[in-house]
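Below is one structure, written out as structure tokens; comments come after it.
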Amino acid sequence: MENKTEKLLWSIALPGFAQLLNGKLVKGIVFIFLEFLINVQANLNLNIVHSFQGNMQSAIDLTNYQWLMFYPCLYLFAIWDAYRDEGGGSEPYSFLPFVFAAFLSTIGVIYSSTLRIFGVLWGPTFLPILFLLIGLVIGWIIKICVISISKLGK
């Protein structure tokens, strides 16, 4: 369990690190390269700095949304891949939380420049994270429902 958790946390820190730890060197290097490419092209680090400083309009203006829209799927697929390589994907439908998190996080990117929640513009860093968390919960609920329904049919 400790090894799975360590690799999951490294994958959250930077996509590709867990793959390197798993001995999947080519896959790890590809994930790191793609993460770096998308990060730089989307201006993600500057976006994060401005978001944490509360300058949401600056973060929005700096963001290249055509590149940023690739990030949630790459990020969550790399985490899923690391989780699966460590044996975490052996249970049925274990991919669903990751898929829904990627999908809803991408929706969060799309609406991040305009959507206000409780009158607050969350911006291109925090809205996708909020939607990611909602996607994880929805994915877990759907996973549990699908497994329960499949057990009823047996």
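Derivation of every value follows stated rules applied to the coordinates shown; laboratory data play no part. Model, not experiment: these values are computed from the prediction. Don't worry about glycine lacking a Cβ; one is built from the backbone with ideal geometry, like all the others, and counts go over all protein chains shown.
Filtering segment 51-81 to residues that are surrounded by 15 or more Cβ atoms within 10 Å (Cβ to Cβ), touching a residue at least 60 places away in the same chain (Cβ under 8 Å) and more than 15 Å from the chain's Cα centre (by Cα) leaves SER51, MET56, ALA59, ILE60, THR63.
Taking the criterion of being polar (S, T, N, Q), more than 16 Å from TRP122 (Cβ to Cβ) and either in contact with a strand residue (DSSP E or B) (Cβ under 6 Å, 6 or more places away or on another chain) or part of a helix (DSSP H, G or I) (or both), the residues of segment 30-52 that qualify are ASN39, GLN41, ASN45.
Considering every residue within segment 134-154, establish whether at least one is out of contact with any Ser or Thr (no Cβ under 9 Å at 6 or more places or on another chain), part of a loop (DSSP other than H, G, I, E, B) and farther than 29 Å from SER58 by Cα. Yes: one or more hits.
Would a scan of segment 67-81 turn up a residue that is farther than 30 Å from ILE142 by Cα and either of a type in the set (Ser, Thr, Tyr) or assigned to a helix (DSSP H, G or I) (or both)?
Filtering segment 67-81 down to residues farther than 30 Å from ILE142 by Cα leaves none.
There is no residue in segment 67-81 that is farther than 30 Å from ILE142 by Cα and either of a type in the set (Ser, Thr, Tyr) or assigned to a helix (DSSP H, G or I) (or both).
Within segment 112-154, the residues that satisfy the criterion of being of a type in the set (A, V, I, L, M), more than 28 Å from SER94 (Cβ to Cβ) and over 20 Å from the mean Cα position of the chain (by Cα) are ILE117, VAL120, LEU121.
Taken as a whole, the structure leaves SER94 outside the set of residues that are without any contact (Cβ under 8 Å) to a residue 12 or more places away in the chain, out of contact with any helix residue (DSSP H, G or I) (no Cβ under 6 Å at 6 or more places or on another chain), within 27 Å of GLY23 (Cβ to Cβ) and not in a helix (DSSP H, G or I).
Being closer than 29 Å to LEU62 by Cβ, without any contact (Cβ under 8 Å) to a residue 40 or more places away in the chain and touching a Gly at 6+ places or on another chain (Cβ under 7 Å) narrows it down to one residue among PHE118, PHE131; which is it?
On the way: PHE118 fails: touching a Gly at 6+ places or on another chain (Cβ under 7 Å).
Just a single option satisfies the conditions, and that option is PHE131.
Taken together, GLN41, GLN53 contain a single residue that is in contact with a Phe, Trp or Tyr (Cβ under 6 Å, 6 or more places away or on another chain) and among the polar types (S, T, N, Q), which is GLN41.
Among the residues of segment 1-14, those that are free of Cβ contacts under 8 Å to residues at least 24 places away in the same chain and surrounded by 13 or more Cβ atoms within 10 Å (Cβ to Cβ) comprise GLU6, LEU9, LEU14. Suppose we filter segment 15-43 for residues that are more than 30 Å from ASP61 (Cβ to Cβ) and surrounded by 15 or more Cβ atoms within 10 Å (Cβ to Cβ); how many remain? Qualifying residue count, segment 15-43: 10.
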